[in-house]
Amino acid sequence: MTLPRPEYGRRLEVAQAQAELLRRRDRLLSRWRLVLFLLAVVLLLVAFDSHSFSSYWALPPGVVFLVLVFVHEDVAARLSRAERIVQFYEAAIDRLEERWMGKGNPGNEYPAADHPYAADLDLFGRASLFERICSARTLAGERALAQWFLETSPPDVVRARQTAVAELTPLLDLREALHVAASAVRAGVDPEALTGWASRPGASVGLARVAAAVVVAHTVLAFAAAMMGLGFLWLGIALLLQTVVGSLLSRRVHEIIHGVAQPDHGLDLCAAALKCVEAQQFSAARLVELRHSLDADGEPPSRRIARLHQLVQWLDARKNQLLAPVAGLVMWTTHCALAIEAWRLATGNVVGTWIAALGEIEALLSLAGYAFDYPNDVFAEILDGGPALDAVGLAHPLINETRAVRNDVHLGKAPQALIVSGSNMSGKSTLLRSVGTNAVLAFAGAPVRARSLRLSVLAVGASIRTLDSLQDGTSRFYAEIQRLKQLMDLGGGKTPLLFLLDEILHGTNSHDRGIGAEAIVRGFLACGAIGLVTTHDLALTRVAEGLAPVVINVHFEDILVDGKMSFDYRMHPGVVTHSNALALMRAVGLQV
């Protein structure tokens with residue numbers, strides 16, 4: 001098993017050495033180019049002032065200068081690549097050493113405000129699960145990963161992703177190559193714009209291309225005849241006919257030219273990333289399907305995109321002043337535009353497939369990179385029955401492995417729910433987030449932070465970070481009961497619910513809280529849901545007494561030693577016997 005930290009360090013050293021070597025060459029070439037340029041200029045000036053000194057003496061330094069220009073461009077490209085590799089491994093080491101917060105993609109645009117668990121489990125935003133895991137360079141890849149975090153997939157889909165992630169985990173070279181190749185993709189690729197342009201309906205241009213070719217051939221023959229002294233009448237008629245045909249096609253040609261610039265740029269950026277994937281052979285069923293979907297009529301997309309890019313370059317050549325007279329004579333712009341439209345009509349229907357496949361592969365590679373970083377994490381076993389969640393040694397994936405305290409959580413028919421009591425800061429909320437976040441990872445197809453995790457497919461729902469809203473005019477209590485209603489509706493669906501409720505109904509009085517909490521727990525149990533409820537209010541622990549063994553009490557403890565709180569963060573059976581609220585108030589200097 002390859003350990004991530006030594007491997008990243010070794011590769012970083014190699015990349016840094018290569019980058020430093022190329023920087024020295026870059027500086028040396030810059031100096032020699034300047035020297036040779038100045039030498040050529042001096043020799044030309046001397047030759048101009050002296051009739052006895054030939055200007056041909058400036059030719060050798062001028063030729064060497066031109067050679068160095070091409071060599072310098074190659075060195076600069078290699079240097080840029082080496083620097084991107086350095087950045088890749090520096091970021092990898094930052095992730096392992098917990099310096100990644102605020103440096104990645106937080107994915108702030110993905111969760112909906114009313115999503116049943118995204119905000120509660122810190123899936124998006126600064127220092128979030130998404131920022132830690134996402135390495136996708138395309139918007140399609142980001143969106144695929146975000147969607148996996150935001151929904152529960154069927155068991156066969158999850159298992160297929162797990163197999164794919166397991167195969168991709170050791171492929172560090174592929175992740176490096178994709179990072180280097182796709183460094184500019186996110187800024188330049190809009191999946192909707194590309195797919196919209198490519199799939200837009202349009203009439204065939206076959207007849208128009210034939211007509212334009214015939215007209216141009218006729219014009220060329222007429223021009224040749226005129227040059228041979230056979231008169232200009234035929235040429236005049238040919239040019240008139242060409243003008244008529246060009247006018248009839250001008251609107252279509254203008255639309256093609258106007259619409260192709262951005263899609264060509266976007267597809268050209270995608271081509272480098274697609275080429276990395278095309279060169280790879282896979283064995284996991286889902287990866288084989290994705291790889292196969294890239295080939296249209298047996299031809300890889302990078303080659304097809306290269307053909308489009310070449311056509312667009314030929315189209316842009318019409319702006320060259322030397323070519324302009326000939327371009328007008330042979331309807332260059334029309335031919336290029338119609339060829340581009342023919343490419344779009346023939347290939348556009350698979351552009352969306354290319355982007356979706358690349359996005360899914362990038363999402364899988366993000367999960368594979370996370371799996372490589374944490375070789376001790378395991379894949380969850382997805383059960384066909386349920387509802388059930390059986391976790392051994394569960395911890396939060398964003399807490400350092402060396403500091404994380406692991407707990408066992410068992411939910412199924414008995415117990416179906418846990419009432420978790422405990423004092424402030426003892427670990428209750430972290431337990432909820434650990435369960436929920438690992439469930440999200442499991443359903444995405446990623447490894448989980450546990451020694452083992454067996455769970456059925458569950459719809460996750462949480463009420464952990466419910467806040468009031470000044471803009472919406474809602475109190476915290478009202479926001480919480482709205483969320484609880486949302487989760488109750490979710491629990492009534494086909495997929496059993498995993499509910500995670502922190503300090504349930506904490507915005508109301510103890511009497512109403514006790515009655516309401518018991519009713520809510522009974523409602524969740526009635527619809528077959530499983531989950532955890534935390535509370536400070538020891539009165540709520542009596543809910544478990546009337547529902548045992550379907551509901552049981554567990555708790556977290558604390559110890560006050562010399563005015564300092566100490567926690568073991570371990571879950572114990574039964575109800576907590578004391579509270580630390582007054583002790584904490586006194587510890588910070590409040591007179592209680």
Can you pull the Kirkwood radius for region 254-320, inverse mean 1/r over Cα pairs, to one decimal in Å? 13.4 Å
When you have a sec, figure out the Kirkwood radius of region 77-225 from all distinct Cα pair distances and drop it here in Å to one decimal? 19.5 Å
Carbon and sulfur atoms: what percent of the 1.4 Å accessible area of the chain do they account for? 60 percent
So for the chain, averaging the separation of alpha carbon pairs under 8 Å that are six or more residues apart and normalising by length, what relative contact order in percent results? 15 percent
Rounded to the nearest 10 degrees, the helix 4-49 long axis (Cα) sits at an angle to the longest Cα principal axis of the chain of 30 degrees
Among Ser30, Gly328, Ala414, the residue whose Cα sits farthest towards the positive end of the charge dipole of the chain, when +1 is placed on the Cβ of each Lys and Arg and -1 on the Cβ of each Asp and Glu, is Gly328
Give the angle, between 0 and 90 degrees and rounded to the nearest 10, that separates the Cα long axis of helix 301-316 from the longest principal axis of the Cα atoms of the chain. 50 degrees
Expressed in angstrom and rounded, the centroid-to-centroid distance over alpha carbons for region 380-426 and region 217-248 is 83 Å
When the solvent-accessible surface of protein heavy atoms is calculated with a 1.4 angstrom probe, in what order do Thr430, Thr437 fall, highest first? Thr430, Thr437
Within region 336-406, report the trypsin sites (Lys or Arg not before Pro) that DSSP leaves as loop and that have at most 13 other Cβ atoms within 10 Å. Arg403
Heavy atoms of Lys275 accessible to a 1.4 Å probe, total area in Å² rounded to 10: 130 Å²
Rounded to whole Hz and in sequence order, give me ³J(HN,Hα) for region 247-253 from the Karplus expression 6.51 cos²θ - 1.76 cosθ + 1.60, θ = phi - 60°, writing x for Gly and Pro. 5, 5, 9, 4, 5, 5, 5
From Cα coordinates alone, what are the radius of gyration and Dmax values for region 358-411 in angstrom? 13.9, 38
Proportion of all alpha-carbon pairs of region 1-72 beyond 21 Å (%): 51 percent
Report, please, the projected area of the chain averaged over directions, based on the convex hull of its C-alpha atoms, in nm². 41.4 nm²
Relative contact order, percent, region 405-532 [alpha-carbon distance under 8 Å, six or more residues apart]: 30 percent
Evaluate the charge dipole of the chain about its Cα centre and quote only its size in Debye, nearest 20, assuming +1 on the Cβ of each Lys and Arg and -1 on the Cβ of each Asp and Glu. 1100 debye
Step through the residues of region 270-280 one at a time and calculate ³J(HN,Hα) from phi using the Karplus curve (6.51 cos²θ - 1.76 cosθ + 1.60, θ = phi - 60°), rounding each to whole Hz and writing x for Gly and Pro. 5, 4, 5, 5, 4, 5, 4, 6, 4, 7, 9
Sorted largest first, the Cα spans of region 207-321 on the principal axes come out in Å as 70, 27, 25
So how exposed is Ser199, as accessible area in Å² (1.4 Å probe, rounded to 10)? 70 Å²
Thinking of region 258-367 as a set of Cα atoms, what percent of all their pairs are more than 25 Å apart? 32 percent
In whole angstrom, the spacing between the Cα centers of region 89-108 and region 273-293 equals 27 Å
Express in Å², to the nearest 10, the accessible area of Val253 obtained by rolling a 1.4 Å probe over the protein heavy atoms while all chains stay in place. 10 Å²
Heavy atoms only, 1.4 Å probe, whole protein assembly: order Met101, Met227, Met565, Met331 by accessible area, highest first. Met227, Met101, Met565, Met331
Accessible-area order for Glu83, Glu176, largest to smallest, probe 1.4 angstrom, reads Glu83, Glu176
What residues have an amide H closer than 5 Å to that of Thr534, excluding those fewer than 5 places away on the same chain, when H is modeled at 1.01 Å from N in the peptide plane? Val420, Leu501, Asp502, Glu503, Ile504
Per DSSP H run of at least 4 residues, take -39500 (n - 2.57); add these up for the chain, divide by its residues and hand me the 222 nm value, nearest 500 deg cm²/dmol. -19500 deg cm²/dmol
Based on the Cβ-Cβ distance of Trp57 and Asp26, what FRET efficiency does E = 1/(1 + (r/R0)^6) give at R0 = 30 Å, to the nearest 0.05? 0.55
Run the reach check for Lys485 against lysines, Cα to Cα strictly under 29 Å, same-chain hits fewer than 8 apart removed. What comes back? Lys413, Lys428, Lys494
Per residue value of the accessible surface for the chain (all protein chains in place, 1.4 Å probe), Å²: 49 Å²
Using the Karplus curve 6.51 cos²θ - 1.76 cosθ + 1.60 with θ = phi - 60°, what ³J(HN,Hα) values do you get for each residue of region 535-540, in whole Hz, with x for Gly and Pro? 7, 8, 7, 5, 4, 6
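The values are calculated or read from the model by the stated rules, or taken from the named source; none is laboratory data. In this text the structure is predicted, and so the values were computed from the model without any measurement. Cβ: placed from backbone, ideal geometry, glycine included. Neighbour counts: every protein chain shown. Protein only, heavy atoms only, side chains kept; ligands, DNA and RNA dropped before computing areas. Shrake-Rupley method; radii C 1.70, N 1.55, O 1.52, S 1.80 Å.
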